[in-house]
Protein chains: 2
Amino acid sequence: MHSFTEENYLKVIYHISQTEPGTVQTNAIASGLNTKAASVTDMLKKLADKQLIDYIKYQGVTLTEKGKIAAIKVIRKHRLWEVFLVDKLKFRWDEVHDIAEELEHINSSILVERLDDFLGFPKRDPHGDPIPDQHGNFEPSAHIHLHEIAKGKKGIIIGVSEHSSPFLIHLEKLGLTIGVTIAIDGITAYDGSVELLVNDQKINVSRKVAQHILVKLEEAQ
Amino acid sequence: MHSFTEENYLKVIYHISQTEPGTVQTNAIASGLNTKAASVTDMLKKLADKQLIDYIKYQGVTLTEKGKIAAIKVIRKHRLWEVFLVDKLKFRWDEVHDIAEELEHINSSILVERLDDFLGFPKRDPHGDPIPDQHGNFEPSAHIHLHEIAKGKKGIIIGVSEHSSPFLIHLEKLGLTIGVTIAIDGITAYDGSVELLVNDQKINVSRKVAQHILVKLEEAQ
DNA sequence: AATAATTTTTAGATTTACCTAAAACTATTA
DNA sequence: TAATAGTTTTAGGTAAATCTAAAAATTATT
């Protein structure tokens, strides 16, 4: 089995490779894990020895098939536990990330399968992220980031790409939660903030916030 | 907070001090944790520094109040997770120990309280052990070990003092589960095994097994 | 009380994951 | 293309938790 730490590295490498194309850089991993580049280099050697990543000095890394499977397993667990916390234990969506961060390392495949069953085989976690099934398969959601949407378009919020408590509490206050229908009223030239219409109410969202809101556009009629 | 390892030491020290009177010896801790006496000595110094135990060289240790509270917190978590696994995820009582051993180290007091609520504030875990409440209080069950009961007495099985899968599966096969009423038919002089009557059926239980079955005697009429 | 047996502790190493500081690469740009 | 800036790696070290082997203390036995 992989250590707690190894799993965290794999997870972060996976996430970075999903958002940025090409190989994953040492510094990106370091900042994702709040650690130093030198520490990352040490671990990359170890992960390469275990054939979880392909690693070329100074060039960055990519996950091997084996590494990708391991990463997805951790992500599956993380997201299932988040559903458990919100659906069963009545946590809010902004409270669950850190606890799931611990629970995701519990090592028992029977446990994961039983939990999945208990939760009714959910397809999405409380932040709208897809939950891989036991074979690691999931449909990536066809989303667009809010700040990239053109004026006049309509859509539904289907997820967020940041899970920190302050960010999610802010969204909650704005009424921007998953499932909410929005229309883009315009983009402010000065600061890049986005003008939205939500239930006929005008809402201004900073560019930084908009970057982390995932939207599914309404089909063109 | 205390490390994973420190918590395990505290838990084992607590358990040993419950079963044997007096101070807890280094070797007892070592065998309880499958480690070596030298490693235990190292850790005892550390726990003493943190004022979790009172430690006198060569004399053994006792938990301080602070140490006892920490130990009971871990035990509370362990037992609540066991209830979760059996009641909600439909695990058998012989499958839950190892998983709970991991879950007990998850660090979130809100989580524990929510879980307790979700489970309906259970008083006992699947092995009959009492679950401490959030202040650490619990009623220790007035039990007697099966091998110590005199011929002719009757009682109800209320718990077990071993949680290993082989032991519990064995009990299951014999029909000796929690809640079952038994009568002592006699004790075999030759090997100390116990003759039981369960639903008018004669059952022979080895002394080793009897030692780990906890019984509440029927009130004398 | 002296010796033997047992238990516990110390001494010195190992492994994992981390660190800082310096060296070695790679990329940028003047 | 040579200098500079930025990134990554190496070198050497630390802390936690473990180990073996040897020394010290305690307990039991003659």
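The values are calculated or read from the model by the stated rules, or taken from the named source; none is laboratory data. Since this is a predicted model, take the numbers as computed values, not measurements. Neighbour counts are summed over all protein chains in view; Cβ atoms, including those assigned to glycine, are modelled from backbone coordinates with ideal geometry. Ligands, DNA and RNA are excluded from the accessible area calculation, which covers all protein heavy atoms including side chains. Shrake-Rupley method; radii C 1.70, N 1.55, O 1.52, S 1.80 Å.
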> What are the nm distances, shortest first, from B:Ala38 to its equivalents in the other copies, labels at 7 Å along Cα→Cβ?
Replying inline: 3.0
> Zone of A:Lys66 (label point 7 Å along Cα→Cβ, backbone N under 18 Å): which residues in region A:5-32?
Replying inline: A:5-11, A:13-14
> For helix B:65-83, what angle does its Cα long axis make with the longest principal axis of chain B, in degrees from 0 to 90 and rounded to 10?
Replying inline: 50
>> Given an 8 Å cut-off on Cα distances and at least 6 residues of separation, report the relative contact order of region B:87-174 as a percent.
In response: 36
> In whole percent, what relative contact order does region B:141-221 give with Cα contacts below 8 Å and a gap of six or more residues?
Replying inline: 43
>> About the Cα centre, and with charges only on the beta carbon of Lys, Arg (+1) and Asp, Glu (-1), how big is the dipole of the protein assembly as shown? Nearest 20 debye, please.
In response: 500
> Tally Lys/Arg at +1 and Asp/Glu at -1 over every other residue whose Cβ is under 13 Å from the Cβ of B:Gly175; what's the total?
Replying inline: 0
> For chain B, what is the accessible area per residue in Å², given a 1.4 Å probe and the full set of protein chains?
Replying inline: 54
> Rounded to the nearest 20 Debye, what is the dipole magnitude of region A:103-205 about its Cα centre when Lys and Arg each give +1 and Asp and Glu each give -1 at the C-beta?
Replying inline: 360
> What are the nm distances, shortest first, from A:Glu195 to its equivalents in the other copies, labels at 7 Å along Cα→Cβ?
Replying inline: 9.4
> Given the pairs A:Lys216/B:Lys90; B:Lys88/B:Lys173; A:Lys46/A:Lys77, which are separated by over 30 angstrom at their Cα positions?
Replying inline: A:Lys216/B:Lys90
>> Rounded to whole Å, give me the distance from the Cα center of region A:134-176 to that of region B:104-135.
In response: 35
> In chain A, if every C-alpha pair distance is counted and binned at 5 Å from zero, what percent goes to each bin?
Replying inline: 1, 7, 13, 16, 16, 15, 13, 10, 6, 2, 0, 0
> Carbon-plus-sulfur fraction of the accessible area of chain A, 1.4 Å probe, in percent?
Replying inline: 51
> Taking a spot 7 Å from the Cα of B:Ile110 along the direction of its beta carbon, which residues of region A:65-98 have an amide N less than 13 Å from it?
Replying inline: A:85-86, A:89-98
>> I'd like the FRET efficiency for A:Lys202 and B:Gln134, computed as 1/(1 + (r/R0)^6) with the beta carbon distance as r and R0 of 45 Å, rounded to 0.05.
In response: 0.45
>> Just want to confirm a number: the relative contact order over chain B, from Cα pairs under 8 angstrom separated by 6+ residues, in percent.
In response: 15
> What total accessible surface area, summed over both chains, is buried at the interface between chains B and A, computed with a 1.4 Å probe and given in Å² to the nearest 100?
Replying inline: 1600
>> Please list 3J(HN,Hα) in residue order for region A:104-113, calculated via the Karplus relation 6.51 cos²θ - 1.76 cosθ + 1.60 where θ = phi - 60°; whole Hz, with x for glycine and proline.
In response: 4, 9, 5, 9, 6, 6, 4, 4, 4, 5
> How far is B:Asp133 from itself in the other copies, in nm, if each label sits 7 Å out from Cα along the Cα-Cβ line, shortest first?
Replying inline: 4.6
> So for the pair A:His145, B:Ser165, with labels modelled 7 Å out along Cα→Cβ, what separation do we get in nm?
Replying inline: 4.6
>> Under 5 Å between amide hydrogens, which residues at least 5 positions from A:Gly186 or on another chain qualify, with H placed 1.01 Å from N in the peptide plane?
In response: A:Gly152, A:Glu195
>> Using amide H atoms built in the peptide plane, which far-off residues or other-chain residues are under 5 Å from B:Gly159 H to H?
In response: B:Leu214
> Can you work out the FRET efficiency for the pair B:Leu119 and A:Lys36, with r the C-beta to C-beta distance and R0 = 35 Å, to the nearest 0.05?
Replying inline: 0.25
